[in-house]
1. What dipole magnitude, in Debye to the nearest 20, does the range 404-560 give about its Cα centre under +1 on Lys/Arg Cβ and -1 on Asp/Glu Cβ?
2. Taking the alpha-carbon centroid of each part, what is the distance from the range 654-686 to the range 229-266 in angstrom?
3. Distance from the Cα centre of the range 418-449 to that of the range 308-323, in angstrom?
4. As an exercise, use a Förster radius of 35 Å and the Cβ-Cβ distance of Ser497 and Trp398 to find the FRET efficiency, rounded to the nearest 0.05.
5. For a test of the definition: using alpha carbon positions, the gyration tensor, and the 1.5 limit on a/c, classify the range 199-350 as rounded, prolate or oblate.
6. Ranked from highest to lowest mean number of other Cβ atoms within 10 Å per residue, what is the order of the peptides 265-271, 95-101?
7. Calculated from the structure, Rg and Dmax of the Cα atoms in Å equals which of [x] 37.0, 131; [y] 36.4, 122; [z] 26.6, 89?
8. How large is the translational diffusion coefficient of the range 638-756 in µm² per second when you combine the Kirkwood radius over alpha carbon pairs with Stokes-Einstein at 20 °C and 1.002 mPa s?
Amino acid sequence: MPKLKINAITLAITALAASPLYAEEMLQGAEQDVEVLSVVGKRVSYANNSTDENMQHLQAPIANVLDLVNNLPGVNVGQGDAFGSDDYTTTISMRGFVIDRADQQLGITIDGIPNGGSAYAGGSKANRYMDTENTRYVEVGQGASDIASASLDALGGTLNFISANPDMQRGARVGISNGSHNARRYFARYDTGEVFGNTTAYFSLSDSYNNRWIGSGSNGYSDRIHFEAKSITELDKARITARLSYDDAHEDNYQPVSLAHFAKTPRWDGLTNAWTGDPDIDQNFAETWSTLRENTLLYVKTEFDLTDSLALEITPYVHLQNGRGDWMPNYQVYTTDAAGNRITKGTGANMQRYRYIDANGLPILDANADTTDATRVASYRHTHYEKQRYGTTANLQWDLQQHQLRMGVWLEQQKRNQTRDWHNIIDPKIYHHFDKTPYWVQFDDDYTNKVAKYYLQDKMTFGDLQLTLGVQQYLVDVSRTDNLNGKGKDSVDSDSSLLPSAGLVYSINDRLELFTGYAKNFKAISDGPLEQKNSDELTALKPETATNLDLGIRYAGDNVNLSASLYNVKFDNRIVQLRYQTTADGTPNYLAEGDGNFDNVGGVTANGFEANIDWRLTQNVSLTSAITLNRAEYSEDVAASKEGADGEPLLVKDYRKGDKIAGIPEKMLSMSLNYNDGSYRAGISAKYVGDYYGAAKHSFTSNGGESWNKDQIAAHTIFNTYFGYEKDLDAASLFKSVDLALVLNNLTDKNYITGGSEGAYLIGAGRTASFTVSLGF
C-alpha cells in the first residue's frame with residue numbers, strides 16, 4: 001500500500017461515491033463489431049479502461065485523438081497546441097511512465113498493429129493514423145496489457161486505438177468545423193453499405209488547419225490532410241479486414257519554457273511572429289520551428305475459424321514514413337578535415353560557427369574582425385526522417401473445456417534513415433527562403449531494427465475462478481551505419497529474458513469480481529542511444545524492465561459500474577537522456593546530433609490507487625469520475641561522471657534515492673456530468689491535477705547549495721463543456737440527418753503547465769471554442 005496521506009484516501013473514497021466505469025467483458029470473435037457505448041473493462045487480471053461516447057463529445061473533431069483518454073484513471077495527456085496539432089509538444093504519463101521528447105515508455109497500437117514508436121524523431125503517435133470521427137473507442141491497459149500486444153515501448157501499459165467499422169447501410173457524412181485561432185476543418189465519409197453480399201467499406205477524407213494559439217499574424221500554423229479507408233468481408237469460415245490510413249501534416253512547434261519564464265509570461269513561449277531581418281531575433285520566428293510528417297499504414301487482417309474451438313488470426317502490415325524537422329540557426333558552419341580543408345559532408349576534425357561573409361562571399365571566421373561592410377548569413381537546418389516497416393502478427397486461440405490456450409508471434413523489420421543537412425538562407429533580411437542544395441550534410445545514418453516476439457498463455461476456468469498464466473519473449477537487434485564519417489557499424493542486441501505473467505479473476509456473483517495480476521514488462525533499447533554511443537559504451541546499456549502488480553475490484557450494476565485497484569510497479573534500468581540540448585542563453589544547440597546522452601539511471605518504484613465510476617442518475621443523465629493517487633520515486637542513488645575544475649573525472653550523485661520522478665502528477669481527479677435525450681446533449685467536465693515536481697536532476701542553487709527535486713508545477717483544474725443537437729430528417733428532406741456541436745475547452749481560461757520534460761515545460765492553451773455542423777446523406 002503506498003504511503004498516502006489520510007486526506008488522500010478520504011478523497012478516493014468520496015470520489016467512488018460519485019464517479020467512470022466498468023461493466024461486462026468486451027465481446028469476442030464475431031461480435032467484435034458491436035459498438036461500445038459506455039466505458040467498460042475487460043474481465044482480465046489487470047486494470048484496464050475504455051473511452052465512451054461522452055469522452056468524444058468533450059473533444060472537438062479537429063482535436064488530437066490522444067485527448068480522448070485524458071479523463072481515464074492514471075492517464076494525463078499534455079498538448080502544447082490548443083487542438084493537439086503539434087507532435088513535438090505532446091506528452092502522456094501513466095503510472096509513472098511517460099511519452100515525451102526524451103522517453104517512450106508506453107505502447108501505442110492501432111487496431112492491435114504497432115505504431116512504430118512514439119518518439120519525435122521517427123515515431124508516429126495515434127493521431128497520425130486515425131481521425132476522431134473514425135475512432136470507435138480506445139482501450140487502455142494501465143500497468144500491463146494483453147499478452148498479444150505488439151509494442152517495444154509498453155513498460156507501463158498500452159493504448160490501443162480501435163477504428164470504427166463500416167456501416168451496414170449506404171450513406172455519406174460531411175462535417176464543417178470552425179473555431180478559435182483560425183481553426184477550420186472539413187470532413188467527409190462515404191459508406192458503401194453491403195456490397196457483393198458480404199462486404200462493407202468506408203472512405204473518409206479530412207482537411208484541418210489552425211494557427212498557433214500563442215500570438216497572432218505570422219505566429220505559425222498546423223495544416224493536415226488525412227485519408228482513411230476500411231473494409232470488412234465476411235466469408236463462411238473467415239473474416240478479412242483491410243485498413244489504409246494516410247496522413248500528411250505540417251506543424252509549427254511551440255517552445256518548451258523554464259518555470260521562471262512561465263511565471264513572467266504565461267501566455268508566450270518565446271517564439272516571435274514578425275520577421276525582422278535580424279537572424280539573432282528571427283532564429284525564434286515561429287514559422288521556422290516546424291515538423292513535417294507523412295505517414296501511410298496498411299494492414300490486412302484475416303481471422304480464420306479453423307474449427308469450432310480453433311481460431312487463427314494473421315495480420316501483415318506495412319508502414320511508410322518520411323518527414324522533416326526544421327530549425328533556423330543564426331549562423332553558418334565552417335567544417336574542415338584534419339588538414340584544414342573545408343568539407344561539405346561529415347563532422348570532420350573541426351567545426352566553427354560564423355555569422356558574416358565578406359564581399360567575395362568568403363566566411364569571416366575571426367570573431368574580432370570588422371564586419372561593417374560584411375553580409376549577414378544564417379542557416380535553415382533540416383533533419384530528415386525516413387522509415388519503412390514491414391511486419392506481421394499471428395495469433396492462435398484454442399478453446400478446450402476449462403482451458404483457453406493462446407499462442408502467437410510478432411515479426412517486424414524496420415529500416416530508418418536520419419539525415420541532417422544545413423541550407424543557406426538566401427537573404428536573411430527578407431525571409432527564411434533557403435537554397436535547396438545544402439552547403440553541409442552533418443550526418444547520414446541508417447538504422448535497422450529486427451524484432452521477433454513470441455508468447456504462450458493458458459486461461460483456465462474453475463467455476464467462479466479464472467487463472468491465467470503466460471510467458472513471452474522479445475528478440476531485438478538494433479544497428480546503425482554511419483554513412484559519412486567512416487565509423488563503421490554500431491549495433492546492440494536487446495533481447496529480453498522470459499517475461500512471465502499471471503493473474504486471477506474471481507467472480508463473487510454476477511455483478512462483482514476481484515482481480516489480481518502480475519506482469520513483467522520490457523522495453524527494448526531504441527536506436528536513439530546509437531546516435532551518441534559507440535559499440536563499447538552500448539554493451540553497458542541495459543534494456544528497461546518493469547514489474548507490475550495489480551489488486552482490484554469491479555462491479556457492474558443496473559445503474560452503477562465501478563472499478564478500483566491498487567498497484568505496485570518496480571522499474572529497473574531506466575534509460576534517460578541526461579542533457580537538454582540548449583546553449584547558455586537558452587536557445588537550441590543546433591550542432592547537437594541528438595537530444596542528449598543516454599544512460600541507465602537506476603531504479604524507480606511506483607505505488608498507487610485508481611478508481612472510477614459510471615453512475616446513471618436518470619435515463620438521460622450520467623455522472624462519471626476517475627481518481628488517481630500515485631507515488632513514483634527513485635529507489636536508489638544514481639551517479640554520473642563529470643569533469644572537475646582541472647578536467648579530472650568526478651563521480652557525483654545525479655539523482656537521489658527517495659526523490660520523486662519528474663513530471664508525474666501524484667493526484668488527479670476527473671468528473672463529468674452528461675445529458676443526452678437522443679436529440680439534445682450537453683456535458684461539463686473538470687480535471688484536477690495536483691502539484692508535482694518538474695525536475696529531479698541534481699543542480700546547484702544560486703547560493704551554492706544543492707538541489708534535486710525542484711520546479712514545483714502548480715496544481716490546476718481545467719473545465720471543458722459541450723452542447724449538441726442531432727435530428728434524423730424525413731425522406732423528403734435534402735439531408736438524412738443533421739448534427740450541431742459546440743465544444744469549449746479550458747472554460748475558465750486558466751494559465752497552467754500542461755506537460756513537458758525535465759526543465760522544459762509546455763504552456764497549456766487558453767480558452768478555445770469550436771463549432772461543427774455535420775450532415776448525413
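FYI, it's all coordinate maths here, none of it is from the lab. Please read these numbers as outputs of a predicted model, since none were measured by experiment. Cβ sites come from the backbone with ideal geometry, for glycine too, and all protein chains shown count toward neighbours.
1. Details: 18 positive and 23 negative charges, 25 e Å.
Roughly 120 debye, rounded to the nearest 20.
2. 21
3. 37
4. Working: r = 26 Å, r/R0 = 0.75.
In this case the efficiency is close to 0.85.
5. On the way: a/c = 3.30, a/b = 1.89, b/c = 1.74.
Here the range 199-350 falls in the prolate category.
6. On the way: 265-271: 16.9, 95-101: 26.9.
Output ranking for 265-271, 95-101: 95-101, 265-271.
7. The calculated read-out lines up with [z].
8. On the way: Rh = 19.1 Å.
Stokes-Einstein gives a translational diffusion coefficient of 112 µm²/s.
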